[in-house]
Amino acid sequence: MLDPKYVLDNVDSVQDRIGTRGPRIDLSGLVKISIEKKGLLKRVEDLRAEKNRASEEVSRMKRDGRDASALIIDMRKVGDEIAGLEDKLKTLDEGIRETLLNVPNIPHESVPVGRSAEDNREVRVSGDRPEFGFEPQAHWDIGEKLGILDFERAAKITGSRFTVSYGAAAMLERALISFMLDIHTKERGFLEVLPPFIANATSLTGTGNLPKFKEDLFKLEGYDWYLIPTAEVPLTNLFRDEILDGASLPRRFAGWTPCFRSEAGSYGKDVRGLIRQHQFNKVEMMVFSLPEKSFDELEHMTASAEEVLKRLGLHHRVVLLATGDMGFASAKTYDLEVWMPSRGGFLEISSCSNCADFQARRSNIRFRRGPKAKPEFVHTLNGSGLAVGRTVSAILENFQRQDGSVVVPEALRPYMGGLEFIAPRT
């Protein structure tokens, strides 16, 4: 959530900057509420001053032995009016909050302005693009022919956009999770966390998933609980309503969770394979940072995700997202995109974002620079390190061989009992 004072002091500028993300957001209603609030606050202050003067007069009258009953009645009426105005102020504050909960973050000045992915800026490309002496297959065909991916039985069990993984595919997911977490925790300074896979509405509001993106979530019937769309939700809320010691920052966390998304509005898009599923595994990174260090942390986080792709030997690129392609809560985002032979192009496999103080304001996560210092809002960052199913699909496609087998990346072999090739399951 944006700082209400900053927004109201810079309405035109905020509208223009947010307008680069998409349709222009009209903040005139927020301004109107703010003006009304200022008027009520002035009236409350005047009434309180009047009440204080009357209270002093009542004390004098009682000391002098005079009857103060009429003034006491008037004072009670003033008190009732103050109480009524305070209720109105609470309603106006709720209106301001509800409005700002639906306003996206302001893009950082370094973010390229543009309406779509076509305006994203390529930062760097790494690794060699694979060359084949045959027509490469899509990962879903490879997986089905190897007998390790079963979309048909998954659809029977649940529905479309689910997968059953057998043998080497199941082992590959487990190996990737351990491999990714080892890099992030043993080499990159992240602490491993295994959080709940269910979160309440307050937690999802804090990260920006609610109220705007409710349709993308799976809600548990009869509970104020949702299946998490990403580990970003529970990890961000570790310190909700807490004040951290500034000397302890940055605090970096990494955790594996399954993720659950309804994929509302994406029907007909990537319906085959592992790319856009309702349930998938992901390793997530989360950082709580000092404001002045958060963009350095974004570079560190992005490099941590990229290191996984480098060790796996996957051709990839890093892209700086344009304003119109960023997520709701992000001030700046890098996407990591891996080469997919079946597409003849790149596929997003990680997004690393600096949300600045946007989520911290919604979740009330603050820090102090010293024992007597005024609390400030932390900056929060999150990033995929990586999406596991998409990494599986990239491995199957990039390391396929003409005989239908798949080479296991050398870095993963210690995690897969020394397995060098994935051959058809017998």
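The values are calculated or read from the model by the stated rules, or taken from the named source; none is laboratory data. Note that the structure is predicted; figures quoted are calculated from it, not measured. Cβ atoms come from the backbone with ideal geometry, glycine included; neighbour counts cover every protein chain shown. For the accessible areas, the whole protein counts, side chains as well, though only heavy atoms, and no ligand, DNA or RNA atoms are used. Shrake-Rupley method; radii C 1.70, N 1.55, O 1.52, S 1.80 Å.
Tell me which residues, restricted to the stretch 33-73, are more than 18 Å from residue 91 (Cβ to Cβ), in a helix (DSSP H, G or I) and charged (D, E, K, R).
Answer for the stretch 33-73, where residues must be more than 18 Å from residue 91 (Cβ to Cβ), in a helix (DSSP H, G or I) and charged (D, E, K, R): 45, 46, 48, 50, 51, 53, 56, 57, 60, 62, 63.
Filter the stretch 348-367 down to the residues that are acidic (Asp, Glu) and over 18 Å from residue 304 (Cα atoms) and list them by number.
Hit for the stretch 348-367 is 357, nothing else.
Tell me which residues, restricted to the stretch 14-50, are open to solvent by less than 50 Å² (accessible area, probe 1.4 Å) and small (Gly, Ala, Ser).
If the condition is that a residue be open to solvent by less than 50 Å² (accessible area, probe 1.4 Å) and small (Gly, Ala, Ser), then 19, 22, 29, 34, 39, 49 are the ones that fit.
Between a first residue in the stretch 172-198 that is under 17 Å from residue 232 (Cβ atoms) and a second residue that is among the basic types (Lys, Arg), which pairs have beta carbons less than 8 Å apart while being 6 or more apart in sequence or on different chains?
Going by the 8 Å Cβ cut-off, the qualifying pairs are 190/252; 191/251; 191/252.
Could you give every pair whose Cβ atoms fall below 7 Å, whose first residue belongs to the stretch 114-142 and is on the phi > 0 side of the Ramachandran plot, and whose second residue is surrounded by fewer than 13 Cβ atoms within 10 Å (Cβ to Cβ), counting only separations of at least 6 or pairs across chains?
none
Every residue in the stretch 398-426 that is part of a loop (DSSP other than H, G, I, E, B) and in contact with a Lys or Arg (Cβ under 9 Å, 6 or more places away or on another chain), please.
Across the stretch 398-426, the qualifying residues are 404, 409, 419, 420, 424.
Residue by residue through the stretch 85-108, note down the ones that are open to solvent by less than 30 Å² (accessible area, probe 1.4 Å) and assigned to a helix (DSSP H, G or I).
Of everything in the stretch 85-108, those that are open to solvent by less than 30 Å² (accessible area, probe 1.4 Å) and assigned to a helix (DSSP H, G or I) turn out to be 85, 89, 92, 95, 96, 100, 101.
Scan the stretch 297-329 for residues that are among the polar types (S, T, N, Q) and either surrounded by fewer than 21 Cβ atoms within 10 Å (Cβ to Cβ) or without any contact (Cβ under 8 Å) to a residue 60 or more places away in the chain (or both) and jot them down.
The answer is none; no residue qualifies.
Go over the candidates 113, 125 one by one and state the one that is out of contact with any strand residue (DSSP E or B) (no Cβ under 9 Å at 6 or more places or on another chain) and either open to solvent by 40 Å² or more (accessible area, probe 1.4 Å) or more than 28 Å from residue 3 (Cβ to Cβ) (or both).
When all the criteria are applied, what remains is 113.
Could you tell me whether residue 381 is open to solvent by less than 10 Å² (accessible area, probe 1.4 Å), of a type in the set (A, V, I, L, M) and either at pLDDT 95 or above or over 19 Å from residue 302 (Cβ atoms) (or both)?
The answer is yes for residue 381.
Could you run through the stretch 390-404 and say how many residues are open to solvent by 10 Å² or more (accessible area, probe 1.4 Å) and either touching a Leu at 6+ places or on another chain (Cβ under 7 Å) or touching a residue at least 40 places away in the same chain (Cβ under 8 Å) (or both)?
The qualifying residues number 6.
Just one of (1) among the hydroxyl-bearing types (Ser, Thr, Tyr); (2) open to solvent by less than 40 Å² (accessible area, probe 1.4 Å); (3) modelled with pLDDT of 95 or more; (4) under 29 Å from residue 160 (Cβ atoms) trips up residue 205, so point out which.
Residue 205 satisfies every listed condition except (4).
Taking the stretch 304-334 on its own, how many of its residues are more than 17 Å from residue 285 (Cβ to Cβ) and among the charged types (D, E, K, R)?
So the count comes out to 2.
Can you pull out every residue in the stretch 215-232 that is assigned to a helix (DSSP H, G or I) and either under 20 Å from residue 291 (Cα atoms) or aromatic (Phe, Trp, Tyr) (or both)?
If the condition is that a residue be assigned to a helix (DSSP H, G or I) and either under 20 Å from residue 291 (Cα atoms) or aromatic (Phe, Trp, Tyr) (or both), then 232 is the only one that fits.
Run down 212, 156 and say which single residue is in a helix (DSSP H, G or I) and open to solvent by 70 Å² or more (accessible area, probe 1.4 Å).
156
So the check is Cβ under 7 Å with 6+ separation or different chains; which pairs have a first residue in the stretch 59-75 that's open to solvent by 100 Å² or more (accessible area, probe 1.4 Å) and a second one that's outside any helix (DSSP H, G or I) and of a type in the set (A, V, I, L, M)?
Listed pairs, sorted by first residue: 62/68.
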